[in-house]
Amino acid sequence: MGVSQMERLGIGSNRFSKMVVSFLIAFFLLYMLSLAYRSSTFDLIGEFARAHVTGEMAGNVSRASESEGKHSSHPERVVVDKLLGGLLAPGFDEESCISRYQSSLCRRISPHKPSSYLASKLRKYEELHKRCGPHTESYNRTLEELSSSHVNGTADCNYVVWTPANGLGNRIISTASSFLYALLTNRVLLVDLGTDMANVFCEPFPNTSWLLPMDFPLSNQFYGLRSGNGQSYGQLLKNNNMNISTVSQPPPFLYLYLSFNNDEYDKLFYKDQNQGFLQKVPWLILKSDQYFAPYLFLIPSFQQELDKLFPDKESVFHHLVRYLFHPSNQAWGLITRFYQSYLASADQRIGLQVRVFNRKASPIKVVLEQILGCIQKEKLVPQVDEEKHIAPPSKNKTSRAVTIASLYPEYYESIKNVYWMRPTVNGDVIGVYQPSHEEAQQFGNNIHNIKAWAEINILSLSDVLVTSSWSTFGYVAQGLGGLKPWILYVPTGGQTSDQPCPRAVSMEPCFHFPPNYHQNSSTGRGLDTVSPVPHIRQCEDASTGIKLVND
């Protein structure tokens, strides 16, 4: 277009230049906004939001899926509760821990909401941890008391230091219990994760760290911490004939040995009359591999506070584990890649965790029969059609993704072949997947722990879940997912069971080895049907254990 033509149209050169400049500025702004929108964080959120919708359980797919409930299938009404009903605090650097606010995008929407009192208590704890955390003035002042022979009363912060025992599942359930004890006693929780737990979890508390500093004066003594330790609380009671009132001055620290093999003196920790003395000790060094939280509900001085924190008794671990444990970015990468590859597009996600403690006592063939008897009898997956090679055409096929978590590959290979060689009777499409098979539990191995943590989280993304009896690995998965699992009884002989996997009465873990203060006198065993409170019951998978249930 020439100058004369522009003038005839009323477009002067100055005006045209301004239009060009305005267009370029607008284009640049739109381009920058599109880049921001398409950044990795937003892309990941978009993928999870879409997966959350497309991965909803299909209507009437099975009795199991109906019992778990159905999600909304309307994409425009997807609501992401990134703070989990007030359980989590806002303000974290999201890039440093992507999973904290994004895990809710691919996990089942939990019907269990934290109480407002619990949310308020957690915010107050975060303030306490920030004031008393590692290398603060209060921490350094309390640290000085460790070098003295008695408590001088100058410290304004008390601590419980968690030290590890056994595998990842044991560590998570015992840490959650220790944190609950810290909440109840106004203590700060510090954890000694060690090198094999590096880069497994994110920091749970804002603007501070829960990691015990490497220069902590007592760290070199942790390895030898066991029952009968000379500086343990149990030994102190033993030396004073179990009469704590004869101890005139509390020491600056005490060891609490609460692992499965603790003795009768260590178990006196659970006596209510001894809690007052422990409150005067600035440093409690705790070692446990147990989910001892249920027994805190049997300590009278804690009961009123616990009732306010957890009106829903079945959700105690569910809230604690989701608050404390967030996968590191490295672990979250493993989780999301598996999820997007195998689970996101499935109509239903089924988790199967197989833990065999003794392979000689539990032959592969017998365990496999028990697994198939469980998942088919409970209608978690359809049976195969032995008469046909091709499924009849159907418009209502349901795709189901089965994730198998096991140290061994044989169960995965066998179940995959069952659904590869024959069609299902109803035409459903079954995909069977296994993230890894490490063959043996590898203690002290950092990469092994990252993989294990990823698999626990992958199981927790299921719509329905089968876990193995006595397995803390399974306990953590059901807690994260808010799932009431079917409990697979792994046979220890040559016979399978007529009831291979009964449904758990609650999603709470089992405290395998509680003290027997409330032992049933007629049977000499655990609580049985007798309990001092209505929300404590004997475990389904451990006759000696106790667990929390709703009344």
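Some notes on this structure:
- Heavy-atom surface of the stretch 279-427, accessible at 1.4 Å and reported per residue (Å²): 40 Å²
- For Val429, nonlocal amide neighbours, meaning residues 5 or more places apart or on other chains whose placed amide H falls under 5 Å from its own, are Thr398, Ser399, Arg400.
- Segments 467-476, 177-186, 258-267 sorted - mean Cβ within 10 Å per residue, highest first: 467-476, 177-186, 258-267
- Using the 1.4 Å probe convention, the accessible area of the stretch 433-497 works out to 31 Å² per residue with neighbouring protein chains retained.
- Set of aspartates and glutamates near Lys365 by C-alpha distance (under 13 Å), chain-local residues within fewer than 8 positions excluded: Glu410, Glu413
- Accessible surface, the stretch 119-241, averaged per residue in Å² (probe 1.4 Å): 41 Å²
- Built amide H within the under 5 Å cut-off of Ala405, gap 5+: Leu352, Gln353, Val354
- Translational D in µm²/s for the stretch 298-371 (Stokes-Einstein at 10 °C, 1.306 mPa s, Kirkwood Rh from C-alpha pairs): 93 µm²/s
- Taking only the C-alpha atoms of the stretch 171-214, the Rg (one decimal) and the largest Cα-Cα distance, Dmax (whole number), read 10.8, 29 Å.
- Measuring nothing but protein heavy atoms, the accessible surface of the stretch 414-482 at 1.4 Å probe radius is 56 percent carbon and sulfur.
- The protection proxy used here, the mean number of other Cβ atoms lying within 10 Å of each residue, ranks peptides 119-132, 83-96 as follows, highest first: 119-132, 83-96.
- Neighbour cut-off at most 14 other Cβ (10 Å), DSSP loop, GluC sites (Glu not before Pro), the stretch 406-496: Glu439
- Here is the result for the stretch 376-428: no chymotrypsin sites (Phe, Trp or Tyr not before Pro) lie in DSSP coil with at most 16 other C-beta atoms within 10 angstrom of their C-beta.
- The stretch 112-205 - percent of accessible surface contributed by carbon and sulfur, probe 1.4 Å: 47 percent
The values are calculated or read from the model by the stated rules, or taken from the named source; none is laboratory data. All figures in this text were calculated on a predicted structure; none of them were measured in a lab. Reconstructed Cβ throughout: ideal geometry from the backbone, glycine too, with neighbour counts over all protein chains shown. With ligands, DNA and RNA removed, areas are computed over all heavy atoms of the protein, side chains included. Shrake-Rupley method; radii C 1.70, N 1.55, O 1.52, S 1.80 Å.
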